[in-house]
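What follows draws every value from the coordinates through simple rules; no lab data is involved. Nothing here was measured: the structure is a model prediction, and the numbers come from that model. Please note: Cβ atoms are built from the backbone with ideal geometry, for glycine as well, and neighbour counts cover all protein chains shown.
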Amino acid sequence: MNQPIEVNISPLPGEKSALPDSVRSAGRKILRLPIFKGLRPWARQVAAVAQNPGKLWINAHPARKNSKESPTLTIMSANLWHDWPRYWRLEQRLEAFARLVEAERVDILLLQEVSRTPTLRVDEWLANRLGMAYIYSRANGHSEIGFEEGLGIFSRFSISEPQLTQLGSRANPFVRRLVLGAAVDTPYERLNAFSVHLGLSRRNNRAQAAELHRWVSGHSQHRTVLVGGDFNANEQSTQIRRMQSTWLDTFRHVNPQGDGHTHVLRWPWGGVLHKHRLDYIFLHNNKPRWKVIEARHLTTPGYPHSDHKSVLARLSPILPATLDSSLR
């Protein structure tokens, strides 16, 4: 497989340096003093983690030719659970996940918690294993400290037009929430796909969700839009209700009364404390072109690939003569 290329798209919209130039300059001068020699490696690591995102790794074309045999488009969103610093059975979990992707004949993957360690770059591993085109962006951590995690979009079709922005407050340079986007050239149309991972704090989550909705809407270019990810908000929350009012919640469209939980919070002894629906795939048809024919939440046989279930949506293109008015 061809090696991915690095693309720098800094500065991000609204991006500011984690530290003012004057502070960074003063810090460099202090660290040059012999007495602080032992602090230099630590300072480099802190500076690396605080570094703003903006560098993408892209392999724009799939390694395997995709011959579509059915007139459907299958999308899966998954939080891969990096499990830092244990990385519990990471390679086994990734292999189980790859088999699930193949079994479901997934065309587009929207991934969160895609990790990189000194021994394994999950983005490259999956791209090679599945033969997909992909785009990856670091969100948190940095290779300088031996661990980072971020967002990824993988596709059996060519991808282009990378987009990336940070959501919510930029006050904390060590914890970021991003949305990563790309155009995907499906056999039916060029559409926009976005992968997102929102924060845990309710207040921050609401602000990030509102910004996500505005930003994605502003970058839709009148195309079909897919937004998938770990929203860290249940479907009774105000922010998810607002999204459902303008974007189609693919799972609820097909399963209006179904059990939608994608994450289980357990007691230390293993009992279930609470079930949450945190993961979603939303569809926005500017001009109705797709019908949702299937939507499910999945995990892998045996031990799960993640602490979240994957979300799958299968779409069928709508011919002009059969437009479904319910999707308008």
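Brief remarks follow.
- 16 Å Cα-Cα reach of Lys55 towards aspartates and glutamates, excluding residues that sit fewer than 8 places from it in its own chain: Glu6, Glu15, Asp123, Glu124, Glu144, Glu148, Glu149, Glu161
- D_trans [Stokes-Einstein, Kirkwood Rh over alpha-carbon pairs] for the stretch 245-302, 25 °C, 0.890 mPa s, µm² s⁻¹: 182
- By average C-beta atoms within 10 angstrom, highest first, the peptides 149-155, 293-299: 149-155, 293-299
- Residues Thr186, Thr238, ranked from the fewest to the most other C-beta atoms within 10 Å, line up as Thr238, Thr186.
- Inter-centroid distance (Cα atoms) of the stretch 294-317 relative to the stretch 248-268, Å: 11
- In Hz, Karplus ³J(HN,Hα) per residue of the stretch 170-179 (6.51, -1.76, 1.60; θ = phi - 60°; x = Gly, Pro): 9, 5, 9, x, 9, 9, 10, 10, 10, 10
- Cα gyration tensor category, rounded, prolate or oblate, for the stretch 86-241 with a/c compared to 1.5: oblate
- By average C-beta atoms within 10 angstrom, highest first, the peptides 175-182, 206-213, 249-256: 175-182, 206-213, 249-256
- The stretch 56-327 - convex hull of the alpha-carbon atoms, volume per residue in Å³: 132
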